[in-house]
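Peer 1: Please see the structure below; I have some questions.
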Amino acid sequence: QQVGEEVRHAHEHAGIFDQSTFGKIRVSGSDAERFLERVCANDMRRPPGRVVYTAMLNERGGIESDLTALRLAPDGYRLYVGTAAVKKDLAWLRRHLLPDETVTIEDETGELAVLGLMGPDAARIADALGAGALNELAYFEHARAEIAGVALRGARLSYAGEAGWELTCPVERVEDVYDALRRAGARPVGLFAQTSMRIEKGFLAYGHDLDSDVTPLEAGLEFAVQWSKDFIGKEALLKHDNRPPNRRIVSIVLEDEEATPIGNEPVYLNARIVGKTTSAAFGYRVGKPVALAMIETGALANATGSSFALDIAGVRYPGTVIRGAAFDPEGVAMRLTGRQTASK
């Protein structure tokens with residue numbers, strides 16, 4: 001009940017999401033762009049003020065890390081990586097730095113806090129707190145702002161599927177920002193609610209849905225691959241680009257509202273196991289349990305309707321496969337600008 005209330009408030013009003021545990025890595029220097037172009041699959045040549053979602057791949061095409069990168073300056077980026085991946089990603093970056101590249105790689109995780117302000121009231125709250133300039137940002141843009149006298153950087157993106165920003169500020173001032181957001185009407189949203197919302201949106205988490213043996217093609221992340229450049233893992237991906245992968249991550253919405261999938265359940269098509277769930281939670285915005293699952297593409301091609309079932313503690317629960325997000329599959333809500341949200 002508490003988790004559902006947190007989701008409801010973020011969906012109908014505004015929630016505060018603590019994302020401070022994400023790793024923050026600063027990559028700077030005259031060769032920063034050239035370096036990240038090689039180690040990241042997406043186009044890292046975006047101008048300052050833009051955000052990029054990308055993956056770092058191994059030579060097999062598997063995902064070593066998925067991350068968002070803020071282009072801060074012509075010679076500087078900030079990478080936001082998984083909570084448990086900071087040391088691994090730092091080591092990966094440093095290992096692939098060439099001797100002739102002028103690049104500095106620094107861990108900023110302990111210095112910076114991140115609060116997500118998400119929901120239809122986020123635009124009003126930003127205006128009320130003197131940070132109305134954030135409302136002018138398009139999706140995947142970032143800019144400086146100030147809340148409660150604290151200089152911060154707001155990036156318009158969402159891990160929850162609601163319109164708003166991820167706000168990065170010095171860790172010693174994050175309580176001032178949090179208190180101001182609370183006074184303006186936003187409420188805290190905990191990890192269980194965050195997880196439910198990201199699964200409804202089909203957003204993948206490293207260590208659950210992604211790992212070094214999963215390729216962007218299997219994960220449905222082709223949009224984050226820039227084929228016109230060279231990058232680590234491209235050769236392996238090209239071997240599979242002309243034919244569909246053998247497996248694919250999809251969403252499964254269960255028919256029984258009382259089912260409680262938690263991840264790693266076998267997925268059946270009739271009497272045969274054709275995959276397993278990778279993440280699962282109750283989806284409070286769709287009113288049904290939702291799972292992300294890695295499924296054989298052959299099974300997806302041959303199945304129709306609710307012919308799949310999850311085995312949860314020995315009981316088969318039927319569900320419908322969705323090749324996209326269970327909630328707001330077109331991503332309309334989170335891509336609205338602040339002004340558009342405020343006008344609704």
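The values are calculated or read from the model by the stated rules, or taken from the named source; none is laboratory data. This structure is a prediction, so every number in the text was calculated from the model and none was measured. Virtual Cβ from ideal backbone geometry, glycine too; neighbours counted across all protein chains shown. The area values use the complete protein model at the heavy-atom level, side chains included, leaving out ligands, DNA and RNA. Shrake-Rupley method; radii C 1.70, N 1.55, O 1.52, S 1.80 Å.
Peer 1: Quick one, which of (i) 30.5, 90; (ii) 20.4, 61; (iii) 39.3, 122 is the actual Rg and Dmax of the Cα atoms in Å calculated for this model?
Peer 2: Recomputing Rg and Dmax of the Cα atoms in Å here gives the entry labelled (ii).
Peer 1: Mark the label point 7 Å from the Cα of residue 322 along Cα→Cβ and return the residues of segment 247-268 whose backbone N is within less than 15 Å of it.
Peer 2: Flagged as within label range: 250-257.
Peer 1: Too long at a 32 Å Cα-Cα cut-off: which of 87/201; 234/288; 239/288? Display every interim value, and only then the final one.
Peer 2: On the way: 87/201 28 Å; 234/288 38 Å; 239/288 38 Å.
The answer is 234/288; 239/288.
Peer 1: Moving on. Taking only DSSP H segments of four or more residues, each worth -39500 (n - 2.57), what value at 222 nm results for the chain once the sum is divided by all its residues, to the nearest 500 deg cm²/dmol?
Peer 2: On the way: 11 runs with 81 residues, N = 344.
The helix-only estimate for the chain comes to -6000 deg cm²/dmol at 222 nm.
Peer 1: Which helices pass in the chain if a helix is a full DSSP H run, must span at least 20 angstrom along its long axis by Cα, and must have mean Kyte-Doolittle hydropathy not below 0.0? Intermediate values should be presented prior to the final figure.
Peer 2: On the way: long enough: none.
Qualifying helices: none.
Peer 1: How far apart, in nm, are two points set 7 Å out from the Cα along the Cα-to-Cβ line at residue 60 and at residue 83?
Peer 2: Taking the simple label geometry, residue 60 and residue 83 are separated by 2.7 nm.
Peer 1: Over the Cα atoms of segment 1-94, what is the Rg over Rh ratio if Rh follows Kirkwood? Display every interim value, and only then the final one.
Peer 2: Numbers: Rg = 16.0 Å, Rh = 14.8 Å.
With Rh from the inverse mean 1/r over Cα pairs, Rg/Rh is 1.08.
Peer 1: Right, next: Would you pull out the residues with amide H under 5 Å of residue 31's amide H, same chain only if 5 or more places away, H placed 1.01 Å from N?
Peer 2: 102
Peer 1: Still on this structure, I have one more. At 1.306 mPa s and 10 °C, plugging the Kirkwood radius over alpha-carbon pairs of segment 227-309 into Stokes-Einstein gives what diffusion coefficient in µm²/s?
Peer 2: Values: Rh = 14.4 Å.
After rounding, the answer is 110 µm²/s.
Peer 1: So, one more: Between residue 271 and residue 12, what is the label-to-label distance in nm when each label sits 7 Å out along the Cα-to-Cβ direction?
Peer 2: My value for the distance between the label points is 4.8 nm.
Peer 1: Pop out the carbon and sulfur fraction of the accessible area of segment 53-205 as a percent, whole number, probe 1.4 Å.
Peer 2: Values: 3240 of 6050 Å².
Carbon with sulfur: 54 percent of the solvent-accessible area.
Peer 1: Using Cα centres only, tell me the gap between segment 205-257 and segment 143-160 in whole Å.
Peer 2: 31 Å
Peer 1: Under 5 Å between amide hydrogens, which residues at least 5 positions from residue 265 or on another chain qualify, with H placed 1.01 Å from N in the peptide plane?
Peer 2: Amide H to amide H, under 5 Å and 5 or more residues apart or across chains, residue 265 pairs with 277.
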